[in-house]
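Take a look at the structure set out below.
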Amino acid sequence: MVSRIISALAALTLWAGIPGFTVHADETNLLNNSSFEVAGSTADFAEYWEAGNPDNHGSMDGNVARVDWDRSRGGTWIAAIMGTWVGTENWGTYWQEVPASPGYTYTFSTWFYADNGWNPGQHGMRLEFYNAATNLLSASTQLLGAVYASWEEKSVQAVAPSNAAWARVVVYATGVSASGALQFDAVSLVGEAPEPPEGPGEGEGPEVIPNTNLFVNPGFEIAGSTTNLAYAWEAGNPDEHGAAGGTALRVNWRPLTGEAHATIRGTWSGAGTGGFFWQDVPAAPSETYEFSAWFWADSNWSTGEQGMKMEFFDAQTNMISAAPLTFGGIGESWVQKSIQAVVPTNAAWVRLVIYADNVGSAGALQFDDLSVMLLRDEARR
């Protein structure tokens with residue numbers, strides 16, 4: 001059992017010091033010791049997944065260990081996050097990072113197995129991107145849901161932001177129970193280069209990559225000018241393609257994943273009778289977009305109207321049309337809502353809005369893990 005606190009990232013190593021370094025990653029697993037066959041400082045640790053062994057681009061902490069429980073996917077060893085039967089921690093995490101190429105599409109996949117007694121509060125996998133100063137740029141999370149006593153592969157995919165220097169894969173569990181263990185093996189991170197741009201024709205906008213979350217900071221993990229504002233959801237930070245107002249804030253009350261989420265509060269906030277968040281993404285005319293988000297509301301929350309909208313604007317920022325979805329029935333458990341719409345032929349921007357008007361005096365609407373995608377083929381429903 002490994003249970004110790006790992007220090008934050010040290011200075012960047014040789015990779016970051018190579019001028020013009022580019023990762024040509026197509027079809028190649030970029031992770032080191034991806035099946036945990038090579039031990040670290042002890043048999044319980046795995047090289048490249050242990051802080052400082054051989055560098056500070058990996059870590060494993062909490063109720064975790066490298067184990068040989070006779071169910072490896074191909075070798076002898078696997079990784080495990082265990083219940084409190086092995087220690088006092090009720091969580092565990094593994095991560096490893098590799099140099100990232102901006103604009104590449106990265107797919108993080110691994111095989112999972114869980115004992116019948118395994119019952120965490122949450123477990124999942126996350127693909128994170130950091131800049132050269134090790135600031136988090138974006139994160140895409142795949143919650144695992146039910147995992148059974150047979151191997152099953154899960155994956156999550158995201159595009160590296162334009163200023164990404166590192167791609168980090170994370171497997172985690174929180175609120176673990178007394179029994180069982182989550183086990184995983186054959187971890188993979190593969191990068192795919194973008195198609196060479198042909199250059200836009202007259203009147204055409206930027207290329208939009210299908211089946212990829214187009215939001216910046218979709219989980220509100222990156223703060224804006226203050227901790228209660230979110231980067232890319234704050235006017236002027238970094239541009240005018242996002243804003244929040246009224247009773248809306250970035251908070252850390254009960255995030256679905258990560259460390260932060262968004263809220264629209266009741267009039268108890270003293271900030272008005274309604275609130276909103278919105279962000280623009282480039283439009284692909286005549287294509288179908290899907291906007292989704294996870295919601296939670298206090299039992300005493302009330303509002304005249306709450307919902308989400310897709311608004312379409314031309315290049316001069318004139319509104320063309322809107323596709324709204326209003327809803328009630330949000331309670332004290334996370335639930336996902338989504339809406340789809342076809343982009344008008346003359347649209348340049350899609351604005352994604354979450355709002356509440358005429359709010360009551362108590363409670364708050366909360367939301368996290370937003371997604372907006374251009375749907376193609378298998379993603380279209």
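Per the helix-only calculation at 222 nm, which mean residue ellipticity applies to the chain, given -39500 (n - 2.57) for every DSSP H run of n ≥ 4 and division by its residues, nearest 500 deg cm²/dmol?
The helix contribution divided over the chain gives 0 deg cm²/dmol.
Order of D369, D239, D61 from fewest to most other C-beta atoms within 10 Å?
Arranged by neighbour count, lowest to highest, D369, D239, D61 become D239, D61, D369.
Please report, in whole Å, how far the alpha carbons of the range 242-379 spread along each principal axis, starting with the longest.
Projected onto its principal axes, the Cα set of the range 242-379 covers 43, 32, 25 Å.
Considering amide H positions built from the backbone, and no H for Pro or chain starts, which residues 5 or more places from G245, or on another chain, come under 5 Å of its amide H?
F276
Starting from the 7 Å offset along Cα-to-Cβ, what nm value, one decimal, do you get for the label separation of D314 and D55?
5.1
So how strong a dipole does the chain carry about its Cα centre when Lys and Arg Cβ are +1 and Asp and Glu Cβ are -1, to the nearest 20 debye?
880
Among F112, L144, S72, whose Cα sits farthest toward the positive end of the charge dipole of the range 14-192 (+1 at Cβ of Lys/Arg, -1 at Cβ of Asp/Glu, about the Cα centre)?
Of F112, L144, S72, it is L144.
Which one of N252, P282, S292 has its Cα pushed farthest toward the positive end of the charge dipole of the range 242-379, where Lys and Arg give +1 and Asp and Glu give -1 at the Cβ?
Going by the charge dipole, the pick is N252.
Out of the range 47-99, which trypsin sites (Lys or Arg not before Pro) are coil in DSSP terms and have no more than 16 other C-beta atoms within 10 Å?
Taking the range 47-99 and a limit of 16 other Cβ atoms within 10 Å, the loop trypsin sites (Lys or Arg not before Pro) found are R71, R73.
Give the separation of the Cα centroids, the range 272-318 to the range 70-126, in Å.
34
Short version: ³J(HN,Hα) in whole Hz for each residue of the range 60-76, in order, from phi by Karplus 6.51 cos²θ - 1.76 cosθ + 1.60 (θ = phi - 60°), x for Gly and Pro, what are they?
These are the phi-based 3J(HN,Hα) values: 9, 7, x, 7, 10, 6, 7, 9, 10, 9, 6, 9, 5, 6, x, x, 10 Hz.
Looking at the range 81-185, which chymotrypsin sites (Phe, Trp or Tyr not before Pro) are in a loop (DSSP not H, G, I, E or B) and have at most 12 other Cβ atoms within 10 Å?
Y148
Taken together, the values in this text are just the output of simple stated rules run on the coordinates, not laboratory data. The structure displayed is predicted, hence computed values, not measured ones. As a convention, Cβ positions derive from the backbone with ideal geometry for all residues, glycine included, and neighbour counts pool all protein chains shown.
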